[in-house]
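Here is the structure we will look at.
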Amino acid sequence: MKQGAGISAMLEKSFFLKWRALVSWGNVSLQVGHLVFGGVLFMFLWFVLGRTWGAEAFGEFNFLYAYAALWGIFFDFGLDLPLTRFVSAQGKGIPASLVKIKFFVVAIGFVLSIGLALVLRLSDLTVVIVLLLGVFLLSSTNFINGLLRGLERLDIEAKIGFLQKAVFVALAVTGVLWYEKGLLWVAWSYFASHVLGLAFTLFWAAANCSLSFARGAMPSARQSVMGVIPFWLIALFLTFGQRLDLFMLKGLLDASSVGIYSAGFRIIEGFIYIGAAFMTGFFPRLMQALTEKKSPVGLIRRSASFLLLISMLIALVNYFAAPFLVKALYGPSFLPSIFVLQTLGCALPLLFLSGLLGHALVAFGKERLFVLALFLALLPDFFVNMVAIPQWGVKGAILGFWSREVCLFCVLGTFYGMVKGGRHTHERGFKF
């Protein structure tokens, strides 16, 4: 009996240590705290804006905000991910070729984003321009953060990121509640907070000699473009997919419908930060395992189990708390958002696991498969929205959202199985 009890205790201890190691990566806890509490701050901001402005103005701001955020992906050009992968494997500075690409795409992006806003005759061009300037600063900060993630200095990104979010929310809420400010005030608050965030990030990186260039460590700028395009497309399709329902609601219905949908979606977006925080620690560890020729299968399986458990708990609590949250925080005019929040929340396990599978494909050097999966998932979302939104309104957008996430998870799962089954995943030369 004693021997059996001893074996059981050893197994329990081994299980506990594995899970503790999984969630105790260096500085990951700070990054989780940053993204989770940052998500809570943003939820608070959306509550204030929705309750103060009403569904129409709230929906209009969400539409303009989503437009600017989508161009932020163009500014990023997916450069932070290859920079993280490079620094994780090489431990060197920033390749000069990536810096050249960054300057070029930002210049082109500003011209195209403002030009398209003029063509589309967006409701408030000044708000759009200020938001775009803020997004540019955020993009620059994200680029430097790619270096910090590769160095496993997630604590720096977490501290500065939390400060930026706190400043943004504080400025925006103060202006809206006490001085009855509108969309432009919130846009300027967003811009000012990112000035602060970029300044602190550059100061820390320069003070710690982390801004040196790794000359000759990567191909030239022209050769690097082909390498970073898949990463850019990943970020673009991810962001566009999450905003497609908002855009189509605005085009097929009206701003009030966007406001009702956004009230629920913004809360879910806050929960997504939890999965994103985990990925910032998971990806460098996975890259390290591949570099050291270790099998990553165990790490991926434990991570999937952890994410599945967390996402199911969040989805369950969210479902039953949704009526109280919406009524208390948004007010009676947003009661239709209860159904939005409940149904979108049930998709969190799919969202978390798809993120894990996508990062695994990137680490295996199969980022083009991730791009293909994201593109394929947009197709049912678009066609379902085209048919369902005119018929069922906001519920049609929910149906489009679910069609995208189910398709994405199935395709990514299929691709991961093909890569994993083709040959050992730590051998980087896999070809179909």
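Observations on the structure shown:
- For the stretch 398-407, the criterion of being surrounded by 15 or more Cβ atoms within 10 Å (Cβ to Cβ), at pLDDT below 95 and over 18 Å from the mean Cα position of the chain (by Cα) is satisfied by no residue at all.
- Unique match (being part of a helix (DSSP H, G or I) and under 30 Å from Gly54 (Cα atoms)) among Leu98, Leu138, Leu147: Leu138
- Contact map, the stretch 312-340: residues that are in contact (Cβ under 8 Å) with a residue 60 or more places away in the chain paired with residues that are exposed (fewer than 15 other Cβ atoms within 10 Å of the Cβ) and in a helix (DSSP H, G or I), Cβ distance under 6 Å, separation 6+ or inter-chain. Pairs shown: Ile338/Pro323.
- The helices (runs of 4 or more DSSP H) located wholly in the stretch 276-370 that include 3 or more residues which are among the hydroxyl-bearing types (Ser, Thr, Tyr) and touching a helix residue (DSSP H, G or I) at 6+ places or on another chain (Cβ under 6 Å) occupy 297-325.
- Matching residues in the stretch 145-160 - criterion: being crowded, with 22+ Cβ neighbours inside 10 Å and at pLDDT 85 or above: Asn145, Ile160
- Any hit, the stretch 113-124, residues being basic (Lys, Arg), assigned to a helix (DSSP H, G or I) and either free of Cβ contacts under 8 Å to residues at least 40 places away in the same chain or under 14 Å from Thr280 (Cβ atoms) (or both): no
- Restricting the stretch 247-257 to residues that are in a helix (DSSP H, G or I) and more than 26 Å from Phe320 (Cβ to Cβ), the residue that is nearest to the chain's Cα centre (by Cα): Phe247
- Matching residues, the stretch 170-202, being among the aromatic types (Phe, Trp, Tyr) and in a helix (DSSP H, G or I): Trp178, Trp185, Trp188, Tyr190, Phe191, Phe200
- A count restricted to the stretch 137-177 and to residues that are under 13 Å from Ser193 (Cβ atoms) and of a type in the set (A, V, I, L, M) stands at 11.
- The residue that is surrounded by the most Cβ atoms within 10 Å (Cβ to Cβ), counting only those in the stretch 81-133 that are charged (D, E, K, R) and farther than 30 Å from Leu183 by Cα, is Arg85.
The values are calculated or read from the model by the stated rules, or taken from the named source; none is laboratory data. None of the values given here were measured: they were computed from a predicted structure. Ideal geometry is used to build each Cβ from the backbone, glycine not excepted, and the neighbour counts take in all protein chains shown.
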